[in-house]
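The values are calculated or read from the model by the stated rules, or taken from the named source; none is laboratory data. Bear in mind the structure is a predicted one, so any value in this text is a computation, not a measurement. With ideal geometry, Cβ positions are generated from the backbone for all residues, glycine too; neighbour counts draw on all protein chains shown.
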Amino acid sequence: MNEILYLIHSTDNPFNINDISELIPSKLENAEEQFPGVYFSLITKNNIHTEPLFSNDNILIFSKKLLEQKNYHINIRDYNGWINETNTFFSWDLDKAVKKINNIDNEIGNEVVFHDPISIKYLISYIKSGSNKDLPYDIESKNIPEPDMSKIPFYCIPFENNYNGIEKLKISSKEFYIKMAKMCLIENIEEKTREEIILLIKMNINKYYNKRELLDINQMYI
């Protein structure tokens, strides 16, 4: 965590900071286009001058305290937010993700995807269009709330094969999808094909998205 400076949410859209109460996740019904979440870039002491941003127009800088929560995942390279066995790191792998980000030459940029709205109370600074776009190294943050540890992640989104950008990654293994399926409370899957398992997970997205407390998240640790 010491290597992390903050999280960046960048956008082309102009904004009045006084009109914003929270950042809203992209919609679940659009999950086949991108993971339903709020997107950030992870800025470290190492990549502060090199990390590509989604937009250079308007930049919101959020406290790294958010990374103490559990309801997010990190992709080493931007992948529409989708989960991939070799590209995705979870909250319990934060240190590994930071080390990986700091030790690769990434022209696409990383992404941190939160699965719930993010309160503007975690904002520590912002840079509006027309300002100097050099990211600050030191930011004094005051009165930042404690992280919301009640938030539960939602990883039952198996749409990685929909990615149609550059350098498509190898699809995750059957073993990885077995873990995801067990997390999503799908049983008797060992003899099924990877494609059959993925289809079963897709069928359970709407069932559990708003009932995350029922999921067996521990299966992803195994």
Flag if Thr50 is out of contact with any strand residue (DSSP E or B) (no Cβ under 7 Å at 6 or more places or on another chain), part of a loop (DSSP other than H, G, I, E, B) and either free of Cβ contacts under 8 Å to residues at least 60 places away in the same chain or among the aromatic types (Phe, Trp, Tyr) (or both): yes
Looking at Ile144, Ile120, Ile157, which is the one that is buried (at least 19 other Cβ atoms within 10 Å of the Cβ), touching a helix residue (DSSP H, G or I) at 6+ places or on another chain (Cβ under 9 Å) and β-branched (Val, Ile, Thr)? Ile157
Against the definition (farther than 30 Å from Asn16 by Cβ and modelled with pLDDT under 95), how does Gly130 come out, yes or no? no
Do we have Ile152 as touching a Lys or Arg at 6+ places or on another chain (Cβ under 7 Å), surrounded by fewer than 19 Cβ atoms within 10 Å (Cβ to Cβ) and either part of a helix (DSSP H, G or I) or modelled with pLDDT of 95 or more (or both) here? yes
Does the stretch 108-127 hold any residues that are aliphatic (A, V, I, L, M), modelled with pLDDT under 95 and not in a strand (DSSP E or B), and which are they? Ile108
Pick from Ser125, Ser150: which is under 19 Å from the mean Cα position of the chain (by Cα) and among the small types (Gly, Ala, Ser)? Ser150
Hey, Asn84 surrounded by 16 or more Cβ atoms within 10 Å (Cβ to Cβ), over 21 Å from Ile139 (Cβ atoms) and in contact with a helix residue (DSSP H, G or I) (Cβ under 7 Å, 6 or more places away or on another chain) or not: yes
Looking only at the stretch 53-82, filter to residues that are part of a helix (DSSP H, G or I) and out of contact with any Ser or Thr (no Cβ under 8 Å at 6 or more places or on another chain); which one of those is farthest from Ile124 (Cα to Cα)? Glu68
Does the stretch 175-197 hold any residues that are farther than 20 Å from Asn75 by Cα and either part of a loop (DSSP other than H, G, I, E, B) or in contact with a Ser or Thr (Cβ under 9 Å, 6 or more places away or on another chain) (or both), and which are they? Cys184, Leu185, Ile186, Glu187, Asn188, Ile189, Glu190, Glu191, Lys192, Thr193, Arg194
Within the stretch 97-122, which residues are over 15 Å from the mean Cα position of the chain (by Cα) and within 15 Å of His73 (Cβ to Cβ)? Lys100
Does Leu123 qualify as being touching a residue at least 12 places away in the same chain (Cβ under 8 Å) and farther than 24 Å from Ser63 by Cβ? no
Asn56 closer than 22 Å to Ser26 by Cβ and free of Cβ contacts under 8 Å to residues at least 40 places away in the same chain: no
I'd like to know if the stretch 83-92 contains one or more residues that are part of a strand (DSSP E or B) and over 24 Å from Ser173 (Cα atoms). no
Got a number for residues in the stretch 160-184 being surrounded by fewer than 15 Cβ atoms within 10 Å (Cβ to Cβ), free of Cβ contacts under 8 Å to residues at least 60 places away in the same chain and under 27 Å from Lys70 (Cβ atoms)? 2
